[in-house]
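Okay, structure first, notes after.
The values are calculated or read from the model by the stated rules, or taken from the named source; none is laboratory data. Note that the coordinates shown come from a computational prediction; the quantities given were computed from them, not determined experimentally. No Cβ is skipped: glycine too gets one built from the backbone with ideal geometry, and neighbour counts run over all protein chains shown. To get the accessible areas, we keep the full protein, side chains included, count just its heavy atoms, and leave off ligands, DNA and RNA. Shrake-Rupley method; radii C 1.70, N 1.55, O 1.52, S 1.80 Å.
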Amino acid sequence: SSSVPGSGFNAMSGTSMAAPHVAGAWAVLKSRVPTATVDHVLAVLKATGKSVLDTRKGVNIAKARIQLDKAIDAMLPVFALDAPTDGMVVSGLVRIGGWAAHVATMAGTGVDAVHFYLDGPAGSGQFLGAATYGGSRPDVANYLDDQRFLLSGFGLDWNTSSLGGGKHTIYGYVHSTVAGVGWLSFTRSVTVASTPTKAV
């Protein structure tokens with residue numbers, strides 16, 4: 001419905017009514033992720049919209065009707081870092097593992113890379129490496145209720161032996177194929193155990 005002269009409201013249709021709704025939704029999504037591109041916002045709106053069928057001209061045309069609440073939730077990737085746990089004491093070879101997906105994807109998992117840095121974000125931290133992405137995660141597919149996310153697991157083996165002891169922070173970045181960019185997705189604090197020295 002829309003406001004009409006005389007302080008009232010009336011049900012209307014057409015592009016004059018649709019345009020302000022779309023513009024408003026666009027503004028909300030851009031405020032959620034200011035760096036979002038046109039393609040990113042459009043992909044999210046299409047992926048999360050409710051499919052409606054237009055049969056007015058005798059031809060069935062399916063289009064996505066905006067569902068703003070779902071679109072807001074889908075603007076950023078979802079993820080979980082299973083290991084190491086926060087505050088964990090680690091030593092030697094440590095497995096960094098978890099899963100990541102972008103539910104607004106039109107194909108695949110919506111993620112194609114996960115990178116890790118130590119003691120600082122990208123550009124200032126030490127690059128630990130790119131995790132192997134595509135591990136089987138049936139639990140994630142069930143959780144997200146979509147088998148597209150079956151291969152959303154990632155893992156990276158990190159050798160802490162050269163660090164000595166002390167507290168460190170792991171920074172993880174997820175790269176979204178929906179948005180074409182990566183975000184700082186999680187941090188995790190760990191303590192590297194001191195390497196014992198042999199008595200001479």
Q: Return the residue satisfying two criteria in turn: it lies in the stretch 52-80 and is closer than 15 Å to V103 by Cβ and part of a strand (DSSP E or B), and of such residues it is nearest to the chain's Cα centre (by Cα).
A: V78
Q: Out of the residues in the stretch 147-165 that are open to solvent by less than 30 Å² (accessible area, probe 1.4 Å) and not aromatic (F, W, Y), state the one that is modelled with the lowest pLDDT.
A: G164
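Filter the stretch 18-51 for residues that are touching a strand residue (DSSP E or B) at 6+ places or on another chain (Cβ under 6 Å) and not in a helix (DSSP H, G or I); which is surrounded by the most Cβ atoms within 10 Å (Cβ to Cβ)?
At the first step, the residues of the stretch 18-51 found to be touching a strand residue (DSSP E or B) at 6+ places or on another chain (Cβ under 6 Å) are 46, 49-51.
After this cut, where a residue has to be not in a helix (DSSP H, G or I) as well, the list is 49-51.
Numbers: G49: 17, K50: 10, S51: 9.
In this case the residue turns out to be G49.
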Q. What are the pairs, 6+ residues apart or on separate chains, where a residue within the stretch 34-47 that is without any contact (Cβ under 8 Å) to a residue 40 or more places away in the chain has its Cβ under 6 Å from a residue that is open to solvent by less than 40 Å² (accessible area, probe 1.4 Å)?
A. V41/L29; L45/A71
Q.
Tell me the residue from D145, D139 that is more than 25 Å from L42 (Cβ to Cβ), among the acidic types (D, E) and without any contact (Cβ under 8 Å) to a residue 24 or more places away in the chain, please.
A. D139
